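The values are calculated or read from the model by the stated rules, or taken from the named source; none is laboratory data. Computed from a prediction, not measured in an experiment: that's the story for all the values here. Note: ideal-geometry Cβ built from the backbone for every residue, glycine included; neighbour counts use all protein chains shown.
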Amino acid sequence: MKYFRKLAHALWLCKYQVGWCRKYRYHILQAEVGKTVRDIIRRLCEWKKIKILAGNIQIDHIHWLLEIPFKYSVSEAIAFIKDKSIIKIIGFRFELKRPCWDRPF
């Protein structure tokens with residue numbers, strides 16, 4: 001029972017393995033940008049009370065093992081993290097907008 005989390009009328013244990021890669025797998029998550037993304041994702045997860053049980057940031061993709069509260073759907077939680085993190089990353093490193101979000105032609 002110690003592994004389960006409690007709400008008013010439910011016990012739950014919802015763990016999800018999530019992967020996220022950028023379009024065309026651009027190598028943008030290197031060095032300082034990767035550390036910044038990690039910190040941003042940690043803050044956003046704390047805000048929604050999502051526990052990050054494990055995480056791995058490569059230069060072109062991210063893997064997480066998340067414990068998402070029962071009141072959020074998986075798609076809602078991931079959409080929140082992706083949307084808010086992109087806004088913060090572009091605000092921090094505006095030069096990353098061009099290779100990742102503009103059209104190639």
*Report yes if some residue within segment 34-49 is over 18 Å from ILE89 (Cα atoms) and either surrounded by 15 or more Cβ atoms within 10 Å (Cβ to Cβ) or under 14 Å from the mean Cα position of the chain (by Cα) (or both); otherwise report no.*
yes
*Residues (under 14 Å from LYS6 (Cα atoms) and in contact with a strand residue (DSSP E or B) (Cβ under 7 Å, 6 or more places away or on another chain)) located in segment 64-81*: GLU67, ILE68, PHE70
*Could you check how many residues of segment 1-50 are in contact with a Leu (Cβ under 8 Å, 6 or more places away or on another chain), of a type outside the set (Ser, Thr, Tyr) and over 18 Å from LYS82 (Cβ atoms)?*
4
*Kindly establish whether GLY19 is out of contact with any Pro (no Cβ under 8 Å at 6 or more places or on another chain) and surrounded by 11 or more Cβ atoms within 10 Å (Cβ to Cβ).*
no
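More than 12 Å from the chain's Cα centre (by Cα) and either surrounded by 11 or more Cβ atoms within 10 Å (Cβ to Cβ) or not small (Gly, Ala, Ser) (or both): does that describe ILE62? Quick ask: steps written out before the conclusion?
Numbers: more than 12 Å from the chain's Cα centre (by Cα): no; either surrounded by 11 or more Cβ atoms within 10 Å (Cβ to Cβ) or not small (Gly, Ala, Ser) (or both): yes.
Judged against the criteria, ILE62 is not a match.
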*Go through segment 68-94 and count every residue that is basic (Lys, Arg) and touching a helix residue (DSSP H, G or I) at 6+ places or on another chain (Cβ under 8 Å).*
3
*asked:* I need a count of the residues in segment 52-100 that are farther than 18 Å from GLY34 by Cβ and either among the aromatic types (Phe, Trp, Tyr) or at pLDDT below 75 (or both).
replied: 4
*Any pair with Cβ under 9 angstrom, 6 or more apart, that starts in segment 12-36 at a residue that is among the polar types (S, T, N, Q) and ends at one that is surrounded by 11 or more Cβ atoms within 10 Å (Cβ to Cβ) and assigned to a strand (DSSP E or B)*: GLN17/HIS63; GLN17/TRP64; GLN17/LEU65; GLN17/LEU66
